[in-house]
Amino acid sequence: MQQASASAPGKLMLLGEHAVIYNRSCLVTAVDLRVHVRMEKTERYITINSSTTEQEYCFTRSELLSFNQAIPEEISFVLAAIVLILEKYNMYHGIHVITKGPKNSFGLGSSSAVTVATVRAMSEILELSLSQREIFDLSYQAVLNVQGKASGFDLAAAVYGGTLYFCNARKEIIPLGVKKVPIVIGFSGSKANTVDLVNAVSRLYNKYPWAIESIFDLIQWIVDEAKGKIISNEWEDIGKLMNLNQGLLDSLGVNTLSLSRIIFSAREAGALGAKLSGAGGGDCMFALVKEETRALVRKAMEEAGAQIVDLDSNVAGVRIEEITSER
Ligand code: MEV
């Protein structure tokens, strides 16, 4: 095949962030923030055209091996995935790539989505029939090649879609068959730096290993308890478990005043539970709502400074898209 186009969704961490890096589990849902990757086989060069940076990057195969110039994050993930696959399958094509994603991704997984969509589009044009697990494994390796440390939960959401129970240490990616997750997502207004926050938690871990291990064990318990409850739609219980998880994230030092204001306002307006999502330090939080209080909770979150992010959750994972004439 000469050309292919694939898209993959973003993610919202429901429960278990940070602990998931320390071999515990988490729950994650895929959100409708799709990144599209269109690809064409060429003779020699690897060119990447990104709608986010509005620039084209061009590499020769020999340059790739010694390339150490700073490039934008999105480009480095696309490149890492392409190089990994070409080398693994001993292929010598050039590839032309066009990526198209949302201008603001609110920390909801655009890097994972672009990596997974790249792997899927590559597998199509190179006619490799890869399973979901193989797409996940290649994407995870590409991400590790770029950033060194990650749990991979966001890649699992981008590959499988829906709502998942994820544990990298046990190689478990379990789709939960959930019909809907009734949430309101709020952006706190500031962007977080995941690597800095992961490092801060790691310093705390090194200082108080016993205490932090105990916190991670509690988070693991919350995730396991919520897994059963989410399958049977026991939202009131899930809300309580979210609040417990939020308290533990606060104790890890990743909460902020602006996230807290939005979280407490949501709870006071009738949310069943509210917590930050992801690394913390900014980015997004979400509230679990009953339909009758959704409007009130939204309003309270806005008044507390949140930008509401209207996205469907529990959406489909990576897929091949039809090629349109628009470039
Ligand atoms: C960031 O969205 C979630 C973390 O657990 C990092 C990861 O799992 O890769 C903090």
Which of the peptides 70-80, 132-142 is most tightly packed, and how do the rest follow, judged by the mean count of other Cβ atoms within 10 Å per residue?
132-142, 70-80
Relative to the chain, whose Cα atoms define the longest principal axis, helix 235-251 and its Cα axis are tilted in degrees, nearest 10, by 80 degrees
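Output needed for region 191-255: three equivalent-ellipsoid semi-axes, defined as square roots of 5 times the C-alpha gyration tensor eigenvalues, in descending order, whole Å. Numbers along the way, then the final one.
Values: eigenvalues 129, 38, 16 Å².
Ellipsoid semi-axes (Å, largest first): 25, 14, 9.
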Ranked output for segments 289-300, 239-250 by mean other Cβ atoms within 10 Å, highest leading, reads 239-250, 289-300
Average accessible area per residue (Å²) across the chain - probe 1.4 Å, nucleic acids and ligands excluded
44 Å²
As a quick test, which of the pairs 149/171; 11/179; 227/275; 100/149; 179/227; 240/290 have an alpha carbon distance above 23 angstrom in this structure?
100/149
The farthest towards the positive end of the charge dipole of region 117-170, of the residues 130, 141, 119, given +1 on Cβ of Lys and Arg and -1 on Cβ of Asp and Glu, is 141
Would you calculate the separation in nanometres between label points at residue 258 and residue 61, each defined as 7 Å from the Cα along the Cα-to-beta-carbon direction?
4.7 nm
How large, in percent, is the carbon and sulfur part of the accessible surface of the chain at a probe radius of 1.4 Å?
50 percent
Roughly how tilted is helix 194-207, in degrees to the nearest 10 and between 0 and 90, from the longest Cα axis of the chain?
60 degrees
Using all alpha carbons of the chain, what is the percent of pairwise distances in each 20 Å bin, ordered from the shortest bin to the longest?
33, 55, 12, 0
Please compute the modelled spin-label separation between residue 172 and residue 103, points set 7 Å along Cα→Cβ, answer in nm with one decimal.
4.2 nm
With T = 37 °C, eta = 0.692 mPa s and Kirkwood Rh from C-alpha pairs, the Stokes-Einstein D of region 1-135 in µm²/s is about 210 µm²/s
Along Cα→Cβ, 7 Å out, is where each label goes; now give me the distance between the ones at residue 207 and residue 302 in nm to one decimal.
4.0 nm
Quick one: what does P(r) look like for region 51-202 with 10 Å bins over all Cα pairs, in whole %?
9, 36, 37, 15, 2
Among all the aspartates and glutamates, which ones have a C-alpha under 20 Å from residue 180's C-alpha, if same-chain residues fewer than 8 places away are not counted?
32, 154, 224, 225, 234, 236, 237, 291, 292, 310, 312
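The values are calculated or read from the model by the stated rules, or taken from the named source; none is laboratory data. Since the structure is predicted, the reported quantities are computational estimates derived from the model, not experimental observations. With ideal geometry, Cβ positions are generated from the backbone for all residues, glycine too; neighbour counts draw on all protein chains shown. When the accessible area is computed, the model is the full protein with side chains, heavy atoms only, and any ligands, DNA or RNA have been set aside. Shrake-Rupley method; radii C 1.70, N 1.55, O 1.52, S 1.80 Å.
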